[in-house]
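A short worksheet on the structure shown next.
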Amino acid sequence: MIPFSPPRMDQKIIDEVISALKSGWITTGPRVQKFEQKLTEYAGHKATLCTSSGSAGLELMLRWFGVKEGDEVIVPAYTYCATANVVIHCGAKPVFVDVKEDFNISIEEIEKAITEKTKAIVPVDLAGFPCDYDELNQLVKRKDIVNRFAPKSDEQKKLGRVLVLADAAHSVGAVYGGTKTGNLTDVTVYSFHAVKNLTTAEGGAVCLNLPEPFDNEAIHKYLRVKSLHGQTKDAFSKTQIGGWKYDIIEPGYKFNMTDIAAAMGLVELERYDQDMLVRRKQIFDSYSNIFSKFNWAQLPTYETKEKVSSYHVYLLRIKNISEEQRDQIIQKIYEKGVSVNVHFIPLPMMTYYKKHGYSIDDYPVSYDSFARVISLPVYYDLTDDQVNKVAVAVIKSVEELL
């Protein structure tokens, strides 16, 4: 069976993790600090805080911005549950909007959804393809939209408009207008989960890029405290001579990354652009070259004049089929020894959100893409021969049904 997305675990990663274990320091420490520095240099934003997950990073930033009960946060209907769940955790209401044909959130639909209750917008770079950040950044700064904003917290008053909090869980290394994700809007959050291009097993990072008069370095220091139970010193700092004394300035969270995780991330980041992304692009191109010959195949957009994907997930859609037919095709592919997936089931189709009044009927583009999509295997160690076997399994399975 060809797996869907196993993590890359080679000797370099093993050696660095062993080195971290032998160092005697395995929780947040020098490797996390170094990883944060390297991530900041990589994308060019202003400061980075590593977290225990991408979800933790999103929630941390919503809470920092003062999002709470009575507030609204706009998110795409087509995304993983974490994007909306963190809004629920804060007591606020997720406002779903539909996506475009490229799977990413529609700026037109965002504009329709903004109210005086809107505090943040969370665009998602689905499959690694960047959203329309220039248009989104311009929208939240437009005079009539700014006039609609009703700030409550100090941070909201300082920004003076809706916050753009990018969910870049899929798009580390993606490029928009010559600039990497992480440096495209107010705040961006990465995920380093096991299935991501760049993995630390579990983990995430908050990329701070807030405009003046915000001091991003000062915010980074505060967020580190907030992510460690509100404790003014991390465990590593407390081990220094005379450094045992600390204070608790608020009831914070346990959202910190470990040095073991950062050890993996440091290895992967060093070779990411020249190695990982190169191989993933080759796989994407191979799939596109093969499937472009078939009229039933709708290929994903992953490179344009302005945008370059991180090649995270290859989203193949089959034209003119139903959701039930798509499911039958997936079953046939599995029977041929190939694991595939579906990214994602739109959130208005999930039990929790249906119970709270959301209906997929309100998001026709999201449903259409979901009903026809099959996510194909893309990972570093996938060989050219395996790519061809995947393609053959898909082609035969589709043609057996059509």
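Observations on the structure shown:
- Subset of segment 200-240 [aromatic (Phe, Trp, Tyr) and under 28 Å from residue 156 (Cβ atoms)]: 214, 222
- Looking across 305, 354, 332, one residue alone is surrounded by 13 or more Cβ atoms within 10 Å (Cβ to Cβ), farther than 30 Å from residue 95 by Cβ and charged (D, E, K, R). It is 332.
- When segment 301-321 is filtered for residues that are among the hydrophobic types (A, V, I, L, M, F, W, C) and assigned to a loop (DSSP other than H, G, I, E, B), the ones remaining, listed by number, are 313, 321.
- The residues on offer are 140, 122, 95, and the sole one that is closer than 24 Å to residue 45 by Cβ, free of Cβ contacts under 8 Å to residues at least 60 places away in the same chain and out of contact with any Gly (no Cβ under 9 Å at 6 or more places or on another chain) is 140.
- Segment 377-386, subset touching a residue at least 24 places away in the same chain (Cβ under 8 Å) and over 25 Å from the mean Cα position of the chain (by Cα), residue most open to solvent (accessible area, probe 1.4 Å): 384
- Tally of residues being in contact with a strand residue (DSSP E or B) (Cβ under 8 Å, 6 or more places away or on another chain) and open to solvent by 50 Å² or more (accessible area, probe 1.4 Å) across segment 178-192: 0
- For segment 154-177, filtered to residues that are farther than 28 Å from residue 265 by Cα and among the acidic types (Asp, Glu), the residue that is surrounded by the most Cβ atoms within 10 Å (Cβ to Cβ) is 155.
- For the criterion of being without any contact (Cβ under 8 Å) to a residue 12 or more places away in the chain and either open to solvent by 20 Å² or more (accessible area, probe 1.4 Å) or of a type outside the set (Ser, Thr, Tyr) (or both), residue 274 passes.
- Filtered by the rule that a residue be under 13 Å from residue 307 (Cβ atoms) and charged (D, E, K, R), segment 120-153 gives 125, 132, 134, 135.
The values are calculated or read from the model by the stated rules, or taken from the named source; none is laboratory data. None of the values given here were measured: they were computed from a predicted structure. Quick reminder, even Gly has a Cβ in these numbers, built from the backbone with ideal geometry, and neighbours come from all protein chains shown. Ligands, DNA and RNA are stripped out before the accessible areas are found, and what is left, the full protein with its side chains, is counted by its heavy atoms. Shrake-Rupley method; radii C 1.70, N 1.55, O 1.52, S 1.80 Å.
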